[in-house]
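The values are calculated or read from the model by the stated rules, or taken from the named source; none is laboratory data. Not measured: the values here are computed from a predicted model. Cβ: placed from backbone, ideal geometry, glycine included. Neighbour counts: every protein chain shown.
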Amino acid sequence: MDTSINASYGTTAKHDNDIARTPSNRNQSAEKAEFHDLVQPHLRDYCPASNLAFNEKVKRMMSEGQEVYHFGFGQAPFPVVPGMVMGLREYASENAYLPVAALRGDGTFWLWKCKHVWLVSGIPELREALCSFHSRYDNLSGLHPDQVIVGPGSKELIYLLLNVFKGDVFVLSPTWTTYKPQGQLAHHKVYVINTKIENGWRVQPEDIEKSVIENNVKGNKILVMCNPDNPIFDMWLTGPFLPAGICYMKEHLEAISDVCRKNNIIVISDEIYARLHYKQKHDTLARYYPEGTILSSGLSKWASAGGWRLGYHIYPAELKVLKDAVKSAASHTYSCAAAPIQYAVAKALNNEEEIHSYIIHTCRILATVASYCHRELTSVGVKCLPSTAGYYIFPNFELLRQSLRRRGITTCDQMCAAMFDEASVALMAGGPAFLRPVDEFTTRLCYVNFDGKPGLEESLKRGLDHSLDEDFLKTYCKPTYDGIQAIKSWVKAQLEK
């Protein structure tokens, strides 16, 4: 046996194996160490991100050959923006930590006292491109690259922000699955503000103030708000809506700004779906509450680059102390977002024509799918609001309550399990993952379970003058088309029982 490699470290492979087989050379009779009570008390009811765990389970079943209509995970169906892919090829050799020199206002360079802090903010080219991007799409003027922090996904940046923040956290119901668990991880008291379908699932200013008063919250406060929301995108508003595709119009954002300003509430405005407003009419809270809004976004949704893990926050000057604390925390955790990706995205964002064409064509495909899902589900009595942005609707199967009760089904999880077993449809229950009551039959439906590449190519080929019809869906979005029909058939079967 060749032992040359091991010999250079003063041992041999045989000797290593002997050591591996011996539990203890000094005291073979010693008992193994035992470990108890290792998890922080406030995390004892904590669990992994439900959407990721559910997706892994369904993907495993599909890989084993089982047919599943997977409406449970919101991953972009389209290929990454081509210019970004080309840029990544160009910059793939960028393997060094990013520079630590920061640019002064007069154009000269200086070094931070803590040399690792600046590099976590992102390369100047990218931060400048992001400012131009939001100036163009969100009408945010006067943005400066120093306001931007780039990180490995907006989820990481939200978590770091909650970690350094001193105060209490408010989240909405329904909303994305991760906000509340992140607040728990960061040792915060998290208050849930319920919204109602009658209000398009959008939060009412009086509900925000009521929650502050009833919970006697006196200190610093952060509200985490998704706009457009996951899982709702609703047609009643012109900005993308909450968990079912909900959007906020100017008057709603102004009213929310007033109550937040009155109560000194900082808002993390998660606008990851903003560019997926089907009519490009997203409005941002940062326009109405600039001093108290931290705009959170990234590439995962509109650019179809979820696995690239590049997100960013834009801070107002008034919250510089929080921004600096997050940058310091980032220097001790992720150091920097991947350099090749930063350079690739910075270059691609400057190709405004390609970016705009990509957004318009992907949005019109999603709009066609969303309209079909809403029309077909409501045709059998399922209650849901039409979506105007993103990937989701939030159907309520309340019409089945009596039929399901006769089967012993009283919770949404049980209903989803029955639908999965009997119709091969995978949906996520509204509660508890999206903070809805467990006995409420609301679900999050992600209508992006199709390969978007052929459909995007066909849309580009047809041009914007030619509409996308139901035949387009049958051909290019078949898993979604067939899955919705499977839900309809299952609903009809329950009503007949």
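When residues in the range 257-313 are screened for being of a type in the set (D, E) and either touching a strand residue (DSSP E or B) at 6+ places or on another chain (Cβ under 6 Å) or within 23 Å of L160 (Cα to Cα) (or both), 3 of them pass.
Search the range 144-164 for residues being of a type outside the set (G, A, S) and more than 18 Å from A286 (Cβ to Cβ), and hand back the single one that is nearest to the chain's Cα centre (by Cα).
Initially, the range 144-164 is screened for residues of a type outside the set (G, A, S), giving 144-150, 152, 155-164.
Within this subset, residues satisfying the condition of being more than 18 Å from A286 (Cβ to Cβ) are 152, 155-156, 159-160, 162-164.
Values: P152: 13, K155: 7, E156: 11, Y159: 12, L160: 15, L162: 16, N163: 18, V164: 21 Å.
Here the answer is K155.
Among the residues of the range 439-497, which ones are part of a loop (DSSP other than H, G, I, E, B) and closer than 22 Å to I409 by Cα? Within the range 439-497, D439, E440, F441, E496, K497 meet the criteria. Across the range 293-321, the number of residues qualifying as more than 21 Å from P82 (Cβ to Cβ) and surrounded by fewer than 22 Cβ atoms within 10 Å (Cβ to Cβ) comes to 7. When F54, F78, F35 are checked against the criterion of being of a type in the set (F, W, Y) and modelled with pLDDT under 80, a single residue qualifies: F54.
So is N25 modelled with pLDDT under 85 and surrounded by 11 or more Cβ atoms within 10 Å (Cβ to Cβ) or not?
On the way: modelled with pLDDT under 85: yes; surrounded by 11 or more Cβ atoms within 10 Å (Cβ to Cβ): no.
No: the conditions fail for N25.
Looking at L456, is it at negative phi and in contact with a Ser or Thr (Cβ under 8 Å, 6 or more places away or on another chain)? In short, yes.
Each row is one residue, and each column tells you yes or no for (1) surrounded by 24 or more Cβ atoms within 10 Å (Cβ to Cβ); (2) among the β-branched types (V, I, T); (3) touching a residue at least 40 places away in the same chain (Cβ under 8 Å).
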site: H252; (1), (2), (3): yes, no, yes
site: D258; (1), (2), (3): no, no, yes
site: R261; (1), (2), (3): no, no, no
site: N264; (1), (2), (3): no, no, yes
site: H277; (1), (2), (3): yes, no, yes
site: K281; (1), (2), (3): no, no, yes
site: Y288; (1), (2), (3): no, no, no
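Can you say whether Y334 is under 30 Å from F165 (Cβ atoms) and either in the same structural domain as P437 (by TED's automatic domain parsing) or touching an Asp or Glu at 6+ places or on another chain (Cβ under 9 Å) (or both), as far as the supplied structure shows? Yes; evaluated as a whole, the condition is true for this residue.
The numbered conditions (1) aliphatic (A, V, I, L, M); (2) under 30 Å from I193 (Cβ atoms); (3) over 26 Å from the mean Cα position of the chain (by Cα); (4) not in a loop (DSSP other than H, G, I, E, B) are all true for A418 except (2).
One line per residue, one yes/no per condition, for (1) in contact (Cβ under 8 Å) with a residue 24 or more places away in the chain; (2) crowded, with 24+ Cβ neighbours inside 10 Å:
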| position | (1), (2) |
| --- | --- |
| C412 | yes, yes |
| A417 | no, no |
| V438 | yes, no |
| L456 | yes, no |
| L464 | yes, no |
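Checked against the criterion of being assigned by TED's automatic domain parsing to the domain that holds Y476 and crowded, with 22+ Cβ neighbours inside 10 Å, the range 375-383 has at least one qualifying residue.
Restricting the first member to the range 134-145 and to residues that are under 12 Å from T293 (Cβ atoms), and the second to residues that are among the β-branched types (V, I, T), the beta-carbon pairs closer than 6 Å and six or more apart or on different chains are D138/T284.
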